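What follows draws every value from the coordinates through simple rules; no lab data is involved. Please read these numbers as outputs of a predicted model, since none were measured by experiment. Note that we place each Cβ from the backbone using ideal geometry, even for glycine, and neighbour counts take in every protein chain shown.
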Amino acid sequence: MHPQAKYFHAFNLFNERIGPVRFKKLLGYFSSMEQAWTNGGEQEFIAAGLETELAQDIASRRPQIDLDKELAKLAKENIGIITILDEDYPKLLKEIHDPPHIMYIKGALKPEDEFAIAVVGTRKLSTYGQQVASSLARELAQAGLTIVSGLALGIDTLAHLAALEQKTRTIAVVGSSLDRFSIFPPQNRSLAEKIAQNGALLSEYPLGSAALPHHFPSRNRVVSGLSLGAVIIEAPQKSGAIITANHALSQNREVFAVPGSIFSDNSGGPNNLIKIGAKLVTNSQDILEELNLKNLASNIAVAQIMPDNKQEELILKILSHDPLPVDLIVQETKMSAAQVGATLSLMEMKGKIKNLGGGQYVLAR
């Protein structure tokens, strides 16, 4: 967790009134979020660009907020914090014009999640939509793409389940907070726990936040922002899935649409997207070819074994898929035995290498 995380969280407690725009103002005026929280007064907040009423509210309520207790509440729910200052903040998401400055997470993001695709659609799906969603999401998961969706009933649920059945990565972005009593829809709370164990749950909202209507358009921009493109399977022309498609277009992402019957309201959204230029999709290869991801598995392997520091770089240069004993690693890297041991342990935890036993190591992928 970033050292500034608890201060981002502190400002995020103010009834959702501090989003990306106001966080930018605070970061532009103060040297850090810690300084803003500990030293900022009403007049400083106003000078930073916050409205007078909000500045007064923060200044008056701040003494009653115990940040250590707030973090303890999150820890009790196994919820972490990602801020825009974190090195592992999703690269694709940071590219959009209004990225979340703070997100709450259950589970973990991994380097391979840079190769992600959003799969979304209606809650009231047809048999055709059910077949397409399960088949297409399964094929994309098998190809190595992380499946991103919104945990909603219908198409979203099937997309997440397809990835879980393949034991591959999936990310759910929700319109409520992540504590077990707030997850929405409640019917998918068990699914949410499985996703957290095999991928990640993400939310912009602090503990106890209900799934309010205005949360979902905001949630949808994160779904598309995390992804290389968005696949719309079944959706009326006025629906959350089409909002996701519009966000994808504005974020310079690819938009894919599965055609459907001209007599079905659920086909109105994707059919219209195709009319205005979305890529018509009949199978996963249409998507992989458009994204130039035919060799996705090797792309992911490269992303996964990138070194995080000089010590890892030295070790990765000499490791291969042939076992190498630790004493040779010490000899070749000219690092101390203690330093090699500590670095190998961390690299194994990150999934970059495997310990075959007997002091023998290989690349994990």
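The table below gives the values:
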item: Over the chain: Rg over Rh, Cα atoms, Kirkwood Rh; result: 1.02
item: Filtered GluC sites (Glu not before Pro), segment 58-107: DSSP coil and at most 11 other beta carbons within 10 Å; result: E87
item: In Hz, Karplus ³J(HN,Hα) per residue of segment 305-319 (6.51, -1.76, 1.60; θ = phi - 60°; x = Gly, Pro); result: 9, 5, x, 9, 7, 5, 5, 5, 4, 4, 6, 5, 5, 10, 7
item: Residue among I318, I46, I58 with the largest mean-square fluctuation in a Gaussian network model of the chain, springs linking Cα atoms under 10 Å; result: I318
item: Qualifying trypsin sites (Lys or Arg not before Pro) for segment 319-355 [loop in DSSP, other Cβ within 10 Å: at most 11]; result: K334
item: Cα centroid of segment 140-180 to Cα centroid of segment 193-231, whole Å; result: 10 Å
item: Share antiparallel - DSSP beta bridges, the chain, percent rounded to 5; result: 45 percent
item: Alpha-carbon centroids, segment 311-365 and segment 69-85: separation in whole Å; result: 32 Å
item: GNM top mover of Q131, Q339, Q187 - the chain, alpha-carbon springs below 10 Å; result: Q339
item: Per-selection Kirkwood Rh - segment 106-294 (Cα, Å, 1 d.p.); result: 15.9 Å
item: Backbone N under 13 Å from the E53 label point (7 Å along Cα→Cβ), restricted to segment 11-33; result: 17
item: 10 Å Cβ shell holding at most 15 others, DSSP loop, chymotrypsin sites (Phe, Trp or Tyr not before Pro): longest site-free stretch of the chain; result: 1-180
item: Under 26 Å from the Cα of K194 - lysines, other chains or at least 8 residues apart; result: K73, K76, K91, K106, K110, K124, K167, K350, K352, K354
item: Relative contact order of segment 248-365, pairs being alpha-carbon contacts under 8 Å that are 6 or more residues apart, as %; result: 18 percent
